[in-house]
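Read the structure below first, then the notes.
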Amino acid sequence: MRLSVLLSLGLITSASWAEAPSWTTNALAYTPPNPTELNSPAANTSPPSLAVVEHINKLDTATVLAAHNPYRAELQLVPLVWSDELAKSAQAWADHLAATQEFRHSSTDFGENLWRGTAGAYQTQQMIDAWGSEKNQFVYGIFPHVTKGGMVGHYTQLIWKVTYQVGCGMAKSGGKEYLACHYDPAGNYEDEAPY
C-alpha cells in the first residue's frame, strides 16, 4: 500500500513571507465576538460567525502553469496541465481556510500544497516559488529520504514524476491570502523516487 506524506509549509525567510502553520485550530476557528456582547444572553446562544472571505480573481491558469513548469522542465519532466476539477477542489479548501483562518491540510486524496501570507504583498509566482525554493534542501533519493535537513515536500510535489495536472484556488480574509493547489496523481509517496 502506498503512503502519501503531506507536509505543511513552514517557510519564514522575510518579515512578511509565508507563515508557519497553526496547530491550535480551536483558538483560530472563528472570529472572536465583540467584547461588549460577551455578557449578553445572545452571546451564549449564537454560534460564532465565520470570517468574511474574498475570492481572489487575479489567479489565472497561465500564471500558475508558468510558475510550476520550470521546476519540471529542469528535470525533463512532462509539464503540468490545468484541471478545472482540481481548481474547484482547491478553491473550496482555500475558501475554508480563509473563512476559518486555519492553516492545515485537507483530507483530499489529491496532492496538496498550501501557502498563506500577507494579503497583497505577493504575486502568484512568488507564492509558488516559495515551494520551489525548497529545491535547495533537496537531495535525490527515495522519499522521504530526500532532504539535507530542511523542508522539501512542497518541491517534491511540484516535481513528482507521475503528477500531470494541477488546479489552484485563492481566497483572502483577515489581511491574509490563502493559496491551495491540488495535484493529480498525488506525490510524496514513501519508498518511491520523486522522478
(message) Would you confirm, using the coordinates I've provided, whether Gly150 is in a strand (DSSP E or B), at pLDDT 95 or above and either among the small types (Gly, Ala, Ser) or under 22 Å from Asp184 (Cβ atoms) (or both)?
(response) no
(request) Among the residues of segment 165-177, write down those that are under 20 Å from Asp60 (Cβ atoms) and not hydrophobic (A, V, I, L, M, F, W, C). (result) Gln165, Gly167, Gly169, Lys172, Glu177
(request) Determine the pairs where a residue that is closer than 13 Å to Leu59 by Cβ, located within segment 81-93, has a partner that is of a type outside the set (Gly, Ala, Ser) and in a helix (DSSP H, G or I) with Cβ atoms under 7 Å apart, the partner being 6 or more residues away or on another chain. (result) Trp82/Thr61; Trp82/Leu65
(message) Please go through segment 143-164 and give me each residue that is out of contact with any Pro (no Cβ under 9 Å at 6 or more places or on another chain) and open to solvent by 10 Å² or more (accessible area, probe 1.4 Å), ordered by number.
(response) Pro144, His145, Thr147, Lys148, Gly149, Gly150, Met151
(message) Of everything in segment 75-93, what is over 14 Å from Thr163 (Cα atoms) and either modelled with pLDDT under 95 or open to solvent by 10 Å² or more (accessible area, probe 1.4 Å) (or both)? Give them in sequence order.
(response) Asp84, Glu85, Ala87, Lys88, Ser89, Gln91, Ala92, Trp93
(message) Return the residues of segment 94-137 that are part of a strand (DSSP E or B) and either buried (at least 18 other Cβ atoms within 10 Å of the Cβ) or under 12 Å from the mean Cα position of the chain (by Cα) (or both); say none if nothing qualifies.
(response) Gly111, Glu112, Asn113, Leu114, Trp115, Arg116, Gly117
(request) Might you check whether a residue that is part of a loop (DSSP other than H, G, I, E, B), surrounded by fewer than 18 Cβ atoms within 10 Å (Cβ to Cβ), within 15 Å of the chain's Cα centre (by Cα) and of a type outside the set (D, E, K, R) occurs anywhere in segment 166-188? (result) no
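The values are calculated or read from the model by the stated rules, or taken from the named source; none is laboratory data. Please read these numbers as outputs of a predicted model, since none were measured by experiment. Quick reminder, even Gly has a Cβ in these numbers, built from the backbone with ideal geometry, and neighbours come from all protein chains shown. Only protein heavy atoms, including side chains, enter the accessible area calculation; ligands, DNA and RNA are left aside. Shrake-Rupley method; radii C 1.70, N 1.55, O 1.52, S 1.80 Å.
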